[in-house]
Each structure stands twice: as structure tokens, then as C-alpha cells.
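The numbers here are math on the coordinates, done by the rules we state, and not lab data. Predicted model, so just to flag it, every value in this text is computed and none were measured. Please note: Cβ atoms are built from the backbone with ideal geometry, for glycine as well, and neighbour counts cover all protein chains shown.
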Amino acid sequence: MSAPNKSYDPVEVEALKPEVVEQARDEALAAFAAAADLDELKQAKVAHTGDRSPLSLANREIGALPPQAKAAAGKLIGQARGAVNQALAKRQVELEAERDARVLVEEAVDVTLPYGRVPRGARHPLTTLAERIEDTFVAMGYQVASGPEVEAEWLNFDALNLHADHPARSMQDTFFVEAPDGSADSGMVLRTQTSPVQIRAMLAGEPPLYAVSPGRVYRTDELDATHTPVFRQVEAIAVDEGITFGHLKGTIEVLVEKLIGGGLELRWRPSYFPFTEPSAEIDLQCFVCRGASVGNPDRPCRTCSSEGWIELGGCGVVNPRVLVAAGIDPSRYSGFAFGLGLERILMNRHNVADMRDMVEGDVRFTLPFGMEI
Amino acid sequence: MRVPLSWLREYVDLPAGETGRDVAARLVRAGLEVETVEQLGTDVKGPLVVGEVLSIEELTGFKKPIRHCFVNVGAANGTGEPQEIVCGATNFQVGDKVVVILPGGVLPGPFPISARQTYGHTSAGMICSARELGMGDDHNGIIVLPPEYEPGTDAIELLQLVDEVLDIAVTPDRGYCLSMRGVAREAAAAYGLPLADPALLDVPPANSYGYLVKVADPVGCDRFVARTVTGVDPGAKSPIWLQRRLQKAGIRPVSLAVDITNYVMLEVGQPLHAYDRNRVDGPIQVRRAVEGEELTTLDGVKRKLSAEDLLICDNSGPIGLAGVMGGASTEILDPVVDAETGLATGTTDIIVEAAHFEPVAIARTAKRHKLPSEASKRFERGVDPEAARAAAQRAVDLLVLIAGGTAEAGVTDIAAPHPVRTIPIDADLPDRVAGAEYGRETVTRRLQEVGCTVVGTDVLEVTPPSWRPDLTDPYDLAEEVIRLEGYDNVPARMPVTPPGRGLSEAQRFHRRVGVALAGAGYVEINAYPFVGDASFDALGLEADDARRRTVKLVNPLNDAEPALRTTLLPGLLGALRRNVGRGNTDLALFETGTVFLPKAEPKVAPRLPVDRRPTEEQLAELNAALPDQPRRVAVALTGERLPSGWWGKGAPSGWADAVEAARVVAAAAGVELTVRQAQYAPWHPGRCAELLVGEEVVGHAGELHPRVVKALHLPERTSAMELDLDLLFEDGRRVSGPPVSAYPVATQDVALIVDAAVHAADVEAALREGAGELLESLRLFDVFTGEQAGAGKKSLAYTLRFRATDRTLTADEASAAREAAVAVAAERTGAVLRGA
Ligand SMILES: [Zn+2]
């Protein structure tokens, strides 16, 4: 850079004359405004702000000015360049926005196109229903217990107070396992109920015992709309000091509220099961018609067959003989037990009309249930 | 037990307006399972009247006999003129009293009746059969009434058509409710009304001149009452009221003697048997059968007897299966009516048996001979032994009343001594069982209502009634009190449970498997576990394949599938085929469940005692007899795994998906799965993967053998996987968080040429080992065979990513690691760097 020239007057320098600077500024502003796209703007930018642009060249002249002239010239050029850069940035933003808007429009797609790339799966509703019931009990402090499906007769019958000639034993149509000699005396059956799991749980340790046992059970029924030879039960048992029939009622009320909903009446019918005494069948007020269909042919109800009640399951206070067989002192402990048929609950809770749908494995039935029930 | 409401009212004075439904509701709350309340006669509309047949003209020229009749219906038709009726039945004659429905009436159907022209005559009404009136399924022509009824009398009332019938399913503990007497007792308690007990009869005491009976087995038969009625009119018929009660209770009227025994059985619950005294040879004996003895029962079947069968015998041998069914040889004879005199000949002298047999003996005999009878059903569940005398008396009275016989003075009554059963019960036991406060007075009152005798204060000494053999311990009594007080009135409360431990690790794992597979697009199914030889043949299992050793059922639903599955595949592939058959073509199914593997030496599971806890040894023996029942998971795939669509081509499912499903499950288990080439049925010998954890084989996956696909009618290239979940599960697993390095990654690609037979898994394992700790990940991104790879060779291209935890790797370090990896691969698998 040249040394300061004391006699140098900016007005005398052509490039630093205010009207020239203003003209250069205005030309720049006009060029930016006229740029139709980002490419043109880029060219205008080079022309008006680049090293060879008039304002850059003028700026260089300032260095040669005498100190007293530098400030004024600097201010003049600075203001002009500020205005130019500002206009450039503004135009840049405008043009980018224009371009983006255009590109995004061009890139638009039909987002309603179906996309089945990843096929969906589903869990069987009986599985998820069992888990839901398990979770309700686990939240109450129960453990989940399980046992074998081919079970000893002693556990499936005898220990449950069903001796060999008990009439109730013929009520259950049992699959018998073949003995080594080909006879039916293997002492084993396909379990007809999940109750043997309760005996196993009781044999496993001292009370308190709170257990829920879901599982597959077997009876020799032919498959039809309301029967299947292989079906699922969930049973629960509580053995502790001072357990009463009232505790059974309270527990089932909680389960029903969680599973079906609140505000429904329960009906407790005395019944007979060898392993409980007293025994009861539980009916749930029909949650569809709430009894309005009873004796009212104009308003038939499919869910309860216009009976007003839905059979939920059987229950009772554990028969002391069962406690004895499981090695629990009935003078100290008492218990309750109950069992529910999962297929029936699924039919009622989810309007499934035909039990065969749960058995056949048609994906059209299972898929809508998804991962949770 | 079918209970006509009109009959029930004979023993309990129920409120007049009480309907069948009302009574049913009360009985249900007391523990009787009322299945239905049938409305009888609501679909019959009169005029339905008694008619007297005045004339019969047989019409000819029709395909069947047709009668043109005139019937006197009294004033019922408004004119008093004979009613002209055309009738298709022929079991009546002039002078008979019949049941006529007149025009304007309606029969069940509904069939409105009007005068019409038929067979060339006017028919103004109809002569009715029992079935047409909805009285029963008897169709032996029209009803012929006893002669004493006046023409024109209303027959709806006469035939007691209008009634309600409660159908009660009686649980095994309530045998006494298989009688009107028992149900009436429950109704009386439910309404708080007195019971008119039909078994409270004046009965003459036993004496020595009744029919001679010897009971050789007082355990099997602890009561035997025999009474004799002589001079019975063999032609006597059951009166309408008796027939109607039987019909409503669901028992078909047969003949007077049989009807009376059935009637008394329904009334007091005591099964009776009637013998033709003149056909019984000498004294009656009760004894067990001798193996090989034979008896022809009433149903005409000749039966081989077993030494356990309890028999009624005379000098000729067996004459009845005690408590189950009588014999043909001493049966009451069908009357033979002399056409000229109208007099009937047949059985005139009858022995009535009212006995009490041991429930188990009867149950076994009925089961053994497949003869569940009304009698055996009652004996099995317990009959009131004290009702035998009254029941016999009731039958004698009815025979005398209806058939004009004479009751002989001899009364046989053999009774084994019965100890009085007294049960001590803490007066507060019902309170403790229910969790309610009844108090001693209520407990005592309720037990008395049941029929018990109760004495005592804090401890009650309770003697149950003879008809309640089911009441044997204090809890039985507590149940009676709680039941009668109403379960609805027991206050509900929650037990205080100890802190819960949640699901076990294994349970959480089983859930994860289902969630993972469903998340990977698989749909869960639940197949039946029943299989047969054909299932294994279709899978192409060798004759000595371990999976052909099965646990078998004695009584399978289907004889072709008598065994339990040893693999999940038959059921799963069955479901796959069913889906395909229904047009669901792109399928990925899974199932989890147990298989049943017989023990090497099958044993019998012992029958342990129930009066105490079995010992650990006994339980171990019991468990050791059970087959192994491991839990498995299986998948099956067909069709497109990834569908084609506007985004491009999809991908068919195949062996790799099946193997990947195993990896999904292994990931859920948190274990490393090793895959090895194998040959194992039912898989394609070149496309079968053996799945291992460590050195243990846990399952197989791949494409099914084409022969299997064909045999099972599956789509080509169907793939499947089966894994043992128990072997996969490892309790107490805990993942250590790995260090995550923030230094940059160094990526190196290698392309290796190996023999085509070399397994990618081996190459990968060698690369990993050689690459050492710096290797972060390794990915096979290309496989090809062909000219470029060379004959019998294949090219495997990998991306190796290296990274250190404490520094940025230099290019030299990364290259060295890569070379080390290649070196080990070369040594182990003969791999050569492509282009080298
Ligand atoms: Zn309803």
C-alpha cells in the first residue's frame, strides 16, 4: 500500500466521488433486484461485490488518502457496501425461498399410496387374554404357576377330592394316556382342568400361597361352535391364614372390573365341585343388554342368549381334604380357588360367535387382534 | 330332574301368583341349577273337548285308511248335533271317548283348525293324538280316554295341558334332588314354608311272613324292603293324572306297574322294581355275581356278568342287576286281551322291591355294562335308605287303588344296622368359612331346615338326615348354612397378599418370544396336539426316528390320530395348508407349545394317598412317570415374505427367513445362535440349518423337503423352523453395558474367494477371530459364484469396521487388523483375497 499523501483529496479521486459511489451502489441494488434466480444473483454478486467490483476498487483507494480524508471516504464507501450486502442477503433469502418452494412442489408425492412392505403379525387373542388376566393377578401380588399337560391322575383327580368312583369323575370326559401294557391304567391323563397346578403349587411350599395358573386343558368333546376338546382355563388359588368366601368374592369383583368393566352385577349360585366347599358358579350380568333382553322377544341379546347373565366360571373355598392331600394344615390355613374358561370370555368380551375360529388358525381371524387384547 | 310346577305345589303351598320363573330364581340362589323353565300348553287353544265316537265309516280308494266319523261332543259345538270329522287314525272304535279339537281351536305349530272338505266329506275338527297336543312324542294313534268322561268336557283341563316344568341339572352331591320330595324341600326352605313330605306315610312294621329275601352281601345291600300285592287287574291302565305327571317329568308311560314304580321313584327318589311273583322261583337272594354268569336284562340284552356285579337272584339264578336294571325272566307281562270277553290276562301278583344299594357298586356296574338308568343314576348319588319302606307302601297303595289288588299283610324289611352319624361342628365355623356373621341361632335354624338334628352350644352335635349322605364333615354343614343364607349376602373383601414377585424370568422370556415373532410379522396359531402315523409319514421321518415314539391316548377323538405330538410341525403345517386353502397365500405363522416325549422306559404314575401329604419320594416317582414336556416354538412360511408393490419387487419367503426367525427367538432369549449345515427330516437336505447354542442342538430351520411339501399339499418352497425354548432359556442372564467409543471408525472391505462348499459361517468366524478386539462389526454384503469367482468357487465380500476405545486408529493399524483377519480365514477355510 502507498504511503499517505498529504495533498491527496478524495474528491479529486474519480472513484471516490460521492456521485460515483452512489451510482455504483444503485447499480448493484438494481442488479440484485433484477436477478431472477440464484445463478443470476451469483453473477451479480461477483460483479458488484467481488474484488473487481467498483466499490471494492474504490475502497482500495482509501488507503492512499491523507489521514484527515480517510474517515469521510471510509464512511461513504462503508455505507454503500453495507447497503449492497444487505440487499444481496435479502435477495439471496428471497430467491432461496422461491427455489425451495418450487422444488418441494416438484417433489410432492401421493402419501396415501398403500405401503405393505413390512407384513404385520399378531399374537393369538387367547394368549394375550391369558396374559391380561395374569397381569391383573400379578398386580395383586400373585405368582404365575404352570404344570404339565399330561398329568398324573392323582393330581388331576384324587388330590382334588375326586376318588376313582366319584360321580363327578365321569362328568368330565377325560383323555386317558395309554399304559405300557396298552391299558388305560397308566395313572396319567391329559389334564381336564388346570387345578392340578394348584396342587403342585401347594406341594411346593408353605402358605401363604397366591397363584394364578393359565393353561391348556383337554376334554373329549367334538369341536363345534361352542365346544373344543382343547381349550384354555385360568385358575387362581389363595391359601393363607383366615381366607374366606368373602375374600373370594372381593378378588373376583376386582378381576371382573379389570377385565370387563365396572358397575356390573355378579350372581353367586351355590354349586358343587369336589375340590371346593362351599362351591359357587359365578354369573356376570350381561354387559351388553344388562338384563333388558330377558322375557323381551323384541330385544333379543346374542351375548347372553337373552338370559341376562353370562356364566363366568366356578369357584369356592378350598375343600380341607384337598389341603390335607397337599400337606397343608386345614386347622391353620384356608383357601379359595376359582377357574374361568378363556374361550368363553373371549367370545363374550370380543363378540366371537364361533369357537372354531379360535382353533383353526385362520390369519384373518387373528390379525385384527394385533399384539394386545 | 324335570319338575312340573303343579306337582311341586302338592308339597309346598307356594304363593298363588308365583310363576315357574320366580320359583326357578329362588331355587337357583339356593344352589339348584335350573336350566330351563318350559311353558306347557300355551300353544293349544280350545275348544278342545271330550268326544264320543258315534259312527265310523271306513273310506276306501285312498292310499291309506281314512275314517269318516260322527262324534258326540255334547254342547261344545253350540248345536249338540254330532260333529262330522274325517280321521286318519284307526286305533279306536265306536263308543270310545276321544279328544276333539273343534273349528276355531289351535294346535301347537301353530295349526289353526277350521271346517274343511277332505276325502269327499266335511271335516269339522280333528281327533287328536298325544303328540299333536304336545304331550309327548308318543304317536300310537289318537288318545282313547277312559270311558267315564262326559262328552263336551273341557279336555285342556282334563289332560292338564297347561303347566310349567323346571328342568334342573342335579349336581352329584344333591342326589336327593332327583325327586319331587327333595326339590320340594329346597323350595320350602327357599320360601320359608312348611313341607308336606310325601314319604311320611303310615307303614306297617316288618314281620316274618313277607316274601322271603336273603341278603348275602349286606355291604352291597344294606336295606331290602319287599311287599306283595295280589289279585291285580292285568288290564288296568294308568289314569290320566299319572300318565301326565310322568310325561311332564320326561318319562314315557308304559304299563301300570312300571308307571307306578317310576312315579314313586320321581316322588320320593327311591328306585323300585316290580316282579311278577308267579315268575319268581323261590326266595329272592342278593349277592355278587360269579364270574361268567349271564343275565338277560329287560332291554333284551344278554349280559356277561363280572364278579363285582351286585345281583338279585332266585333259585333259577340272576333275575336282576341290582339297582341298575331288572331281568327279562321275571318282568311284569304285557296283558293279553281276549277279543270275545274283553278280559285281560297277564300278571296278577306283584312283588315290589324297594332296596338300598352301595353307590360305588352300582356306579361300577352301570359303567361296566354301559347301562346308565334312572335307578342307577339315583343310587350312585345316594338314595335315602329310610325312604324305602314308605316308597314300597306308596307303590302298594297305588296298585291297590288303581288296579284293584290286595296288599298282602307280609312286610319284608331287611336292614343292616346303621350307626348314627353325628358331626361335631364349631358353631362359628360357617362364620369363619364365609367371612360373615351368622351367629349360632341362625346356624342351628338353617341346619334344622336341611333336616338335621342339632344339639349343643359352642360345639354343635349335628345328625344329618338320612337323605343327605353327602353331609359327612363340618365343612359340608357350613356350606349348607352359607348357601341357605345366600352367597349374595356374604360381604366381599380383599385378602392382604404378601409382596408379589412378578413374572419369572422364564415367563417373561416366553412372552418376549411371542412379541418378537409377532413383531417380525408372524401370526400365532394354536393347533391341537393330536397326531398319528400319517403325520410322521408325511414328514418323511424314518421308521426309527425318535419323533415316532409317542405318548398315546386310550380314547382319542380320531382313531387315526391316537398320539400326542413330538414336534409342533404337523399342527402348524396343517394350519398353513388350511389358510392357503382359504386363499390366504402369503403366510408367516408361529406356534409355541409343549411337545410330549415318552420316557425311555414308560412307567405307571402311582396313585398316592389323599389323607396326607405324599412323601418327596412318592412325588418324585409320580413326576418321573410323566413324559417330558418341553416347550417349543415353530414357524412356517410360504408365499411372499416381502410383497411386491409400487415400491418395487418383493421377496419370496424361504429358508433364510426360517433361519432368521430362529435368530429372532434367540435374540429374545439373549443367546448367541450358531448355524450349521445339516440334513434332518422334514427339511430339504441341501437347505437345512441345524441351530445350536454352544455345542447343543436346539432346533432346525430351512426349506421343507419337496416330498414333504407334496405329501402335505403345501405350496412349493414352504419353509419352517422349530426350536426348543427350554434349551434356549438361560436364567439369571445379565447384559454388561459395552463401552461405546467416540473415536472415528475405520472401514475396510475384503472380498474372499473360497470353495463353494465352504460355509459362510466358518469364514465369518475366522475373520472375527483374526480381526481381534479392534473389530466393531462385520457384514457380508455380497455373495456370488460364476466365472469371476472361478469354477467351484464362490466370492464372499465383507465390510469390516474397526474402532478402538481409546484412540483414533491409524490406517496402518486398520490394515494390519484386516490382514490378520484374512490370514486366519485363509488358514481355516482356504480363503484367498480376490485379485490377489
Ligand atoms: Zn344380554
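Taking a straight Cα-Cα cut-off under 20 Å and skipping sequence neighbours fewer than 8 places away in the same chain, the aspartates and glutamates within cross-link reach of A:Lys75 are A:Asp9, A:Glu12, A:Glu14, A:Glu19, A:Glu22, A:Asp26, A:Glu27, A:Asp51, A:Glu61. Placing one equal scatterer on every Cα of segment B:221-302 and applying the Debye formula, the log10 ratio I(q)/I(0) at q = 0.13, 0.15, 0.22, 0.24 Å⁻¹ is -0.57, -0.75, -1.27, -1.34. Per-residue ellipticity at 222 nm from helix content only, as computed over chain B with -39500 (n - 2.57) for each DSSP H run of at least four residues, stands at -7500 deg cm²/dmol. Please state, to two decimals, what the Cα-based radius of gyration of segment B:127-175 comes to when divided by 2.2 N^0.38 Å (N = residues). Ratio of Cα Rg to 2.2 N^0.38 Å: 1.62. Computed over segment B:602-656, the P(r) tail beyond 19 angstrom holds 60 percent of alpha carbon pairs.
The value given for the protein assembly as shown is a Kirkwood hydrodynamic radius of 38.4 Å, derived from the mean inverse Cα-Cα separation. Summarised as an ellipsoid, segment B:291-418 has semi-axes of 28, 21, 13 Å, derived from the eigenvalues of the Cα gyration tensor scaled by 5 and square-rooted, with the largest first. For chain B, the relative contact order is 8 percent, taking Cα pairs closer than 8 Å that sit 6 or more residues apart in sequence and dividing their mean separation by the residue count. Normalised radius of gyration for segment B:570-642, please: alpha carbon Rg relative to 2.2 N^0.38 Å, two decimal places. Normalised Rg, Cα atoms only: 1.81. Shape class of segment B:723-836 from the Cα gyration tensor (axes a ≥ b ≥ c, square roots of the eigenvalues): oblate, since a/c reaches 1.5 or more and a/b does not exceed b/c. Normalising the Debye intensity of segment B:107-212 to I(0), with uniform scatterers on Cα atoms only, and taking log10 at q = 0.15 Å⁻¹ returns -0.96. Sites listed here are trypsin sites (Lys or Arg not before Pro) in segment B:727-836 whose DSSP assignment is loop and whose Cβ has at most 14 other Cβ atoms within 10 Å: B:Arg733, B:Arg734, B:Arg807. By the Cβ-Cβ criterion of under 4.7 Å, the unpaired cysteines of the protein assembly as shown are A:Cys315, B:Cys69, B:Cys87, B:Cys128, B:Cys177, B:Cys221, B:Cys313, B:Cys452, B:Cys688.
Its Cα gyration tensor gives chain A an equivalent ellipsoid, and the semi-axes of that ellipsoid, as √(5λ) in whole Å with the largest first, are 92, 25, 21. For segment B:484-597, a Kirkwood hydrodynamic radius built from all Cα pairs, placed in the Stokes-Einstein relation at 20 °C and 1.002 mPa s, yields a translational diffusion coefficient of 120 µm²/s.
Is the C-alpha gyration tensor of segment A:1-151 telling us rounded, prolate or oblate? Criteria: a/c under 1.5 is rounded; beyond that, a/b larger than b/c is prolate, otherwise oblate. Cα axes put segment A:1-151 in the prolate bin.
Please enumerate, by chain and number, the lysines with C-alpha under 23 Å from the C-alpha of A:Lys42, excluding those fewer than 8 residues away in the same chain. Candidates past the 8-residue exclusion: A:Lys90. Across segment B:57-109, the volume of the C-alpha convex hull divided among the residues equals 110 Å³ per residue. The GluC sites (Glu not before Pro) of segment B:293-339 meeting both criteria, a DSSP state outside H, G, I, E and B (loop) and at most 16 other C-beta atoms within 10 angstrom of the site's C-beta, are B:Glu308. Per residue, the average separation of C-alpha pairs within less than 8 Å and at least 6 apart gives chain A a relative contact order of 15 percent. Once you have all Cα-Cα distances for segment A:231-373, histogram them in 5 Å bins from zero and send the whole-percent values. Calculated P(r), rounded to whole percents: 2, 9, 16, 18, 16, 14, 11, 8, 4, 2, 0, 0. For chain B, the fraction of alpha-carbon pairs lying more than 49 Å apart is 51 percent, rounded to a whole number. Once both axes come from the Cα atoms, what is the angle between helix B:760-771 and the longest principal axis of chain B, in degrees from 0 to 90, rounded to 10? The angle comes out at about 50 degrees.
With the alpha-carbon atoms of segment B:665-747 aligned to their principal axes, the span from lowest to highest coordinate is 55, 36, 21 Å, starting with the largest. When every Cα-Cα distance of segment A:181-272 is counted in 5 angstrom steps from zero, the calculated P(r) takes the values 3, 10, 14, 16, 20, 17, 11, 5, 2, 1, 0, 0 percent. Here the scattering of segment B:156-287 is modelled by Debye summation over its C-alpha atoms, one equal scatterer each and no solvent; at q = 0.12, 0.13, 0.14, 0.21 Å⁻¹ the log10 of I(q)/I(0) is -0.66, -0.77, -0.88, -1.42. Overall dimensions of segment B:361-472, expressed as equivalent-ellipsoid semi-axes from the Cα gyration tensor (√(5λ), whole Å, largest first), are 37, 20, 13.
Panel values: segment A:86-201, Kirkwood radius from alpha carbon pairs, Stokes-Einstein at 10 °C and 1.306 mPa s, translational diffusion coefficient 76 µm²/s. Averaged over peptide A:315-325, the number of partner chain Cβ atoms lying within 10 Å of each residue's Cβ comes to 3. Straight-distance candidates among the aspartates and glutamates for linking to B:Lys304, with alpha-carbon spacing under 12 Å and chain neighbours fewer than 8 residues away dropped: B:Glu291, B:Glu293, B:Glu294. Of the options A:Ala122, A:Gly187, A:Tyr210, report the single residue whose Cα projects farthest towards the positive end of the charge dipole of chain A (beta-carbon charges: Lys, Arg +1; Asp, Glu -1). Of the candidates, A:Ala122 comes out farthest on the positive side. Would you mind classifying segment A:233-308 by shape? Square roots of the alpha carbon gyration tensor eigenvalues, ordered a ≥ b ≥ c; an a/c under 1.5 is rounded, otherwise it is prolate if a/b is larger than b/c and oblate if not. It is prolate, given that a/c is not under 1.5 and a/b is the larger ratio.
Axis angle, to the nearest 10 degrees, between helix A:245-259 and the longest C-alpha principal axis of chain A: 40 degrees. When the Kirkwood radius is taken over all Cα pairs of segment A:82-153, what Stokes-Einstein diffusion coefficient follows at 20 °C and 1.002 mPa s, in µm²/s? After rounding, the answer is 108 µm²/s. Put in order of Cβ neighbour count within 10 Å, fewest first, the listed residues B:Trp647, B:Trp655 become B:Trp647, B:Trp655. In plain terms, the residue of B:Arg582, B:Arg364 with the fewest other Cβ atoms within 10 Å comes first and the most crowded comes last, giving B:Arg582, B:Arg364. Are there chymotrypsin sites (Phe, Trp or Tyr not before Pro) in segment B:1-65 that DSSP puts in a loop and that have at most 11 other Cβ atoms within 10 Å, and which ones? Those that pass, being in a loop and sparsely packed, are B:Phe62. Legend: ranking of residues B:Lys97, B:Lys64 from fewest to most surrounding C-beta atoms inside 10 Å; resulting order B:Lys64, B:Lys97.
When the Gaussian network model of chain A links Cα atoms closer than 10 Å, the mean-square fluctuations of A:Arg120, A:Arg81, A:Arg302 top out at A:Arg81. Quick check on my link table: of B:Lys552/B:Lys710; B:Lys377/B:Lys552; A:Lys258/B:Lys552; B:Lys248/B:Lys377, which ones sit more than 29 Å apart, alpha carbon to alpha carbon? Over 29 Å Cα-Cα: B:Lys377/B:Lys552; A:Lys258/B:Lys552. Against chain B, whose longest principal axis is taken from its Cα atoms, helix B:20-29 shows a tilt of about 50°.
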